[in-house]
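Report on the following structure.
The values are calculated or read from the model by the stated rules, or taken from the named source; none is laboratory data. This structure is a prediction, so every number in the text was calculated from the model and none was measured. Ideal geometry is used to build each Cβ from the backbone, glycine not excepted, and the neighbour counts take in all protein chains shown. SASA here: full protein model, heavy atoms, side chains in, ligands and nucleic acids out. Shrake-Rupley method; radii C 1.70, N 1.55, O 1.52, S 1.80 Å.
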There are 2 protein chains.
Amino acid sequence: MSVYAHAMEAPPQSTSRVEVTRLPARAVESDRLAVEEPLEIRVNGEAVAVTMRTPGEDEELALGFCLTEGLRPVAARLPEDLAANTVDVDAPDADLEGIRRSFYTSSSCGVCGKGALEAVAVDARRIESDLAVPFAVMAALPDRLREAQATFALTGSLHATGLFTPDGELRCLREDVGRHNALDKVVGWGFREKLLPLSRSVLCLSGRLSFELVQKAAVAGCPVLVAVGGPSSLAVELAEDRGITLCGFVRDARATVYTHAYRIAP
Amino acid sequence: MSVYAHAMEAPPQSTSRVEVTRLPARAVESDRLAVEEPLEIRVNGEAVAVTMRTPGEDEELALGFCLTEGLRPVAARLPEDLAANTVDVDAPDADLEGIRRSFYTSSSCGVCGKGALEAVAVDARRIESDLAVPFAVMAALPDRLREAQATFALTGSLHATGLFTPDGELRCLREDVGRHNALDKVVGWGFREKLLPLSRSVLCLSGRLSFELVQKAAVAGCPVLVAVGGPSSLAVELAEDRGITLCGFVRDARATVYTHAYRIAP
């Protein structure tokens, strides 16, 4: 379960090989793809969600997903037949009827709007961490994330989330075809390591910042969110409301801070 | 409703202004954000989905969403109060019970796994278009898409989908915080223009290619899908099965073709 083992070597199931045609040369070659497969998440024996994900760390993914949806998971386990693409979560206190009500309105939409809004309402605490992160440390995180991304270098098609200490040390790196899945995996890892809430940590994401990602960080209690890309309007509104420091376009020793800039020290 | 009007000038509701802190200078400036807001899609008066989207072309988005989910829409209209963030779709033949069954399993997952698989199964026709696209035309599409993206230049945070003729002429460009929404908007535009199935068209996407995006293109009947980023394993499998020519990493006069390369002419 070493973080760095994952960081330096892609899990074998996260890439697959395929024959491609390179143009304009028309050369037929073997190439690697990021694997995308459905995973059915079962809570207390009942299917509550199917996510398209990159295999690997499925228990962390299920735990992180359930946590950030307010389902209060206790443990997750894989079935004996891994090819079944299912994972079982125990959550004795989960309100499955409530989750079904919010999930049926979801769709192929990148985020379950109502579900997300309700999940946030369930856990609407404002983050009151006095964490301070030096600018130089924060600005270096995207490069550190990229350097640690083994699978990305192979396929060019995986999003990543990294959990860092305030000194810029990488604690956990997870990759996935879905940004939200990579973040869920990191939150699930933090849950297993008994690190939640993440009030002394910084999360760094490889892509853009949507409402959904800020919501997951808020539920996990993380005060500083850093991304290579930019945020949406709703991501900024939620970060402002929840007390999260939101840093976007972090590249080339520059950054734009959208909310609560006081946590970034000179 | 001019395509080029949209292409050259961002709709006013697609960006918003916010005060940000630029680091390391700590300069406080005004900046633009891509707007993200929930939209409730109602079919025959009943809420079936909430998507987080960039406002603008909501009727097209709802039509494209319903089409690619197999709901057979006839028309879409906005309520008098636009701030309500709802859109009404008429679909007399829609199986709403079926859509609920598949949607409740969905989540904040980027794609409703079961829903997507079932939607594809509903419309499992193989695309038999004899369309041929010259390599030089195909390879130029991402640059054309980028040039036409007005809002992207303003915020750096919007995905785009372009519908092109086989000669490389841009017919329709749509942007959104969600890749799937940008594609749904283009499909909805094609439906209104009575261009479906898109058997004589090429779709070009600004990002990566997931299963979900190939599925939507398949249901819309488009034989050639071009993207700046790379595809996932399941995206390639589905394109192979449905007879779609899948081109990824199209940049710098090079491309990788994953399936059915015969449609790309020298």
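Restrict the search to the stretch B:122-186; then list the GluC sites (Glu not before Pro) that DSSP places in a loop and that have at most 12 other Cβ atoms within 10 Å of their Cβ.
Passing both the DSSP loop test and the Cβ count: B:128, B:169.
I'd like the antiparallel share, as a percent to the nearest 5, of DSSP beta bridges with both residues in the stretch B:37-106.
If we restrict to bridges inside the stretch B:37-106, about 70 percent are antiparallel.
Over the Cα atoms of the stretch A:189-266, what Rg and Dmax result, in angstrom?
Taking only Cα atoms of the stretch A:189-266, I get Rg and Dmax of 11.9, 34 Å.
Rounded to the nearest 5, what % of DSSP beta bridges with both residues in the stretch B:124-265 are antiparallel?
60
Percent of accessible area on the stretch B:14-101 owned by carbon and sulfur, 1.4 Å probe? Before the final figure, lay out the partial values.
Numbers: 1690 of 3710 Å².
Carbon plus sulfur share of accessible area: 46 percent.
Determine the shape class of the stretch A:124-265: with a ≥ b ≥ c the square roots of the Cα gyration tensor eigenvalues, call it rounded for a/c under 1.5, and otherwise prolate if a/b is greater than b/c, oblate otherwise.
rounded
Chains A and B: how much accessible area gets covered up at their contact, both sides added, probe 1.4 Å, in Å² to the nearest hundred?
Approximately 5500 Å² gets buried when A meets B.
Run through the other copies and list how far each one's label point is from that of residue A:193, in nm with one decimal, shortest first; the point sits 7 Å from Cα along Cα-Cβ.
Spacings between copies for this position, smallest first, are 5.0 nm.
Take the solvent-accessible surface of the protein heavy atoms, probe 1.4 Å, and return the percent of it on the stretch A:124-265 that carbon and sulfur atoms account for.
48
Taking each label point as 7 Å beyond Cα in the direction of the beta carbon, state the distances from residue B:125 to the same residue in the other copies, shortest first, in nm.
Going from nearest to farthest copy, the values are 5.5 nm.
Roughly how compact is the stretch B:37-106, stated as its Cα Rg over 2.2 N^0.38 Å to two decimals?
Taking the Cα Rg and dividing by 2.2 N^0.38 Å, one obtains 1.02.
Find how many whole Å separate the alpha carbon centroid of the stretch B:218-266 from the alpha carbon centroid of the stretch B:19-77.
One Cα centre to the other: 26 Å.
Pull out a ≥ b ≥ c, the square roots of the eigenvalues of the alpha-carbon gyration tensor of the stretch A:224-266, then state rounded if a/c is under 1.5, prolate if not and a/b is larger than b/c, and oblate in the remaining case.
Working: a/c = 2.68, a/b = 1.27, b/c = 2.12.
The shape class here is oblate.
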